[in-house]
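Trainee: Quick one: this structure, given as structure tokens, is what I'll be asking you about.
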Amino acid sequence: MQQPRQAQSCGTLQADPTTKALQVAGWTVTASKGGTVSHVVQTGFLMLQAPDGTAIDLQLIDSDTAATSEYDTAVKSLDHFEGVVDRNAIIFLAPLGKGTVPAADVAALRGLLR
């Protein structure tokens, strides 16, 4: 199982600037309602298709701490959930985090998140 990896905090990620950056880089982005398992405040949920075709969900939570809490709860509550925490975002394979997000996609996302 992939462990959450927390990047150094560089400010709170937001849906609109992240969407624009991803689209410019060739990602397909669709905003969605999403939802949380730990009842933290979700500030955005983006369904992504990476340029390599991988379907990835990006869940934005209101703080780094709350994102880590949501990730930990998802790992405990959902069967086979895997993902990566980066600041206030949780990156996971669609649907429901079953499988490991390709390292190249995680690296690309980390460079594009705003």
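Trainee: Out of Ala66, Ala107, Ala74, report the one residue that is free of Cβ contacts under 8 Å to residues at least 24 places away in the same chain, out of contact with any Lys or Arg (no Cβ under 7 Å at 6 or more places or on another chain) and in a helix (DSSP H, G or I).
Mentor: Ala107
Trainee: Just to be sure I understand, how many residues within the range 38-48 are more than 18 Å from Pro17 (Cβ to Cβ) and crowded, with 16+ Cβ neighbours inside 10 Å?
Mentor: Final tally of qualifying residues: 1.
Trainee: Between Asp57, Asp52, which is buried (at least 17 other Cβ atoms within 10 Å of the Cβ) and either polar (S, T, N, Q) or modelled with pLDDT of 95 or more (or both)?
Mentor: The unique qualifying residue is Asp57.
Trainee: For Thr68, only one of the following conditions fails: (1) surrounded by 15 or more Cβ atoms within 10 Å (Cβ to Cβ); (2) touching a helix residue (DSSP H, G or I) at 6+ places or on another chain (Cβ under 9 Å); (3) not charged (D, E, K, R). What is its number?
Mentor: (2)
Trainee: If you scan the range 19-36, which residues turn out to be surrounded by fewer than 16 Cβ atoms within 10 Å (Cβ to Cβ) and among the β-branched types (Val, Ile, Thr)?
Mentor: Val24, Thr28, Thr30
Trainee: Identify, from the list Gln14, Gln2, Gln23, the residue that is among the polar types (S, T, N, Q), at pLDDT below 95 and more than 12 Å from the chain's Cα centre (by Cα).
Mentor: Of the residues listed, the single one that is among the polar types (S, T, N, Q), at pLDDT below 95 and more than 12 Å from the chain's Cα centre (by Cα) is Gln2.
Trainee: Further question on the same structure: Which numbered condition trips up Leu58, out of (1) in contact with a Pro (Cβ under 8 Å, 6 or more places away or on another chain); (2) within 24 Å of Gly26 (Cβ to Cβ); (3) not β-branched (Val, Ile, Thr)?
Mentor: Checking Leu58 against (1) in contact with a Pro (Cβ under 8 Å, 6 or more places away or on another chain); (2) within 24 Å of Gly26 (Cβ to Cβ); (3) not β-branched (Val, Ile, Thr), the one that fails is (1).
The values are calculated or read from the model by the stated rules, or taken from the named source; none is laboratory data. Computed from a predicted model, the values in this text were never measured in an experiment. All Cβ positions, even for glycine, are placed from backbone atoms using ideal geometry, and neighbour counts span all protein chains on display.
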